[in-house]
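Reviewing the structure listed below.
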């Protein structure tokens, strides 16, 4: 029964986030703003990844099938945790494009919290390797290259700390990116360690846990 409740919650929260992003995208388009810019925010991209993981995980779980790979789940936990932290520490006082308050609350608050809790409630059954955790850093690096190159081409940057037109130029951007990169590495390490520790404890119990039953094709109770 506990497994089924978790799966239903995943589906419900995934749908909530999907509606939030969809409503904001529609609002953006009706205001004449660029949808390409809208989908160029790390917040939106990380939430889209979260939506896919929640919906797929919930649906597969209810069908008694193996869920989303833990390596992929861990990556999304990292991206959304950084999304929440960067918003609180750097962007909460800035003019962000999410003008609808409840949407802002979902993508910057609820989704990061949901994924952290999901990782703690259903930790990885098998240890996440260092190689897998290092792979989590590929997307943020590609996003940085995309944002800076596209910004130079179209004269638009998604976040103030990525904008070299602000006093301080690329030196300030480099400093901010170095700090954020350090946060990615540190928080990614914490996510990996926490998941492995909790997973090893649950895996040593005779009853197993969510991922164990699904991987073996077991039926929910």
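The values are calculated or read from the model by the stated rules, or taken from the named source; none is laboratory data. Only a predicted model underlies this, so the values are computations on that prediction, with no experimental measurement involved. In this analysis, Cβ positions are derived from the backbone assuming ideal geometry, glycine residues included, and neighbour counts consider all displayed protein chains.
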Practice task
Residue by residue through region 43-90, note down the ones that are buried (at least 19 other Cβ atoms within 10 Å of the Cβ) and either in contact with a strand residue (DSSP E or B) (Cβ under 7 Å, 6 or more places away or on another chain) or not in a helix (DSSP H, G or I) (or both).
Solution key: 67, 68
Practice task
Would you check which residues across region 139-162 are in contact with a helix residue (DSSP H, G or I) (Cβ under 9 Å, 6 or more places away or on another chain) and loosely packed, with under 13 Cβ neighbours inside 10 Å and list them?
Solution key: 141, 154
Practice task
Output the residues belonging to region 187-200 that are without any contact (Cβ under 8 Å) to a residue 12 or more places away in the chain and either surrounded by 18 or more Cβ atoms within 10 Å (Cβ to Cβ) or within 18 Å of residue 144 (Cα to Cα) (or both).
Solution key: none
Completion exercise
residue 98: passes all of (1) modelled with pLDDT under 90; (2) crowded, with 20+ Cβ neighbours inside 10 Å; (3) under 24 Å from residue 197 (Cβ atoms) but (3)
Fill in the blank from the handout: Considering residues that are farther than 18 Å from residue 101 by Cα and under 22 Å from the mean Cα position of the chain (by Cα), the number found within region 16-36 is 2
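Take the residues in region 24-42 that are over 24 Å from residue 90 (Cα atoms) and part of a loop (DSSP other than H, G, I, E, B); name whichever of them is modelled with the lowest pLDDT.
Taking region 24-42 and keeping what is over 24 Å from residue 90 (Cα atoms), we get 26-27, 29-32.
Still in the list and also part of a loop (DSSP other than H, G, I, E, B): 31-32.
Details: 31: 88, 32: 85.
Ranking the candidates gives 32 first.
Output yes when any residue across region 163-181 is surrounded by 15 or more Cβ atoms within 10 Å (Cβ to Cβ) and under 16 Å from the mean Cα position of the chain (by Cα), and no when none is.
Pass one, region 163-181, residues surrounded by 15 or more Cβ atoms within 10 Å (Cβ to Cβ): 163-164, 172-173, 176-177, 180.
In the following step, the residues that additionally are under 16 Å from the mean Cα position of the chain (by Cα) were identified as 180.
Yes, that holds for at least one residue.
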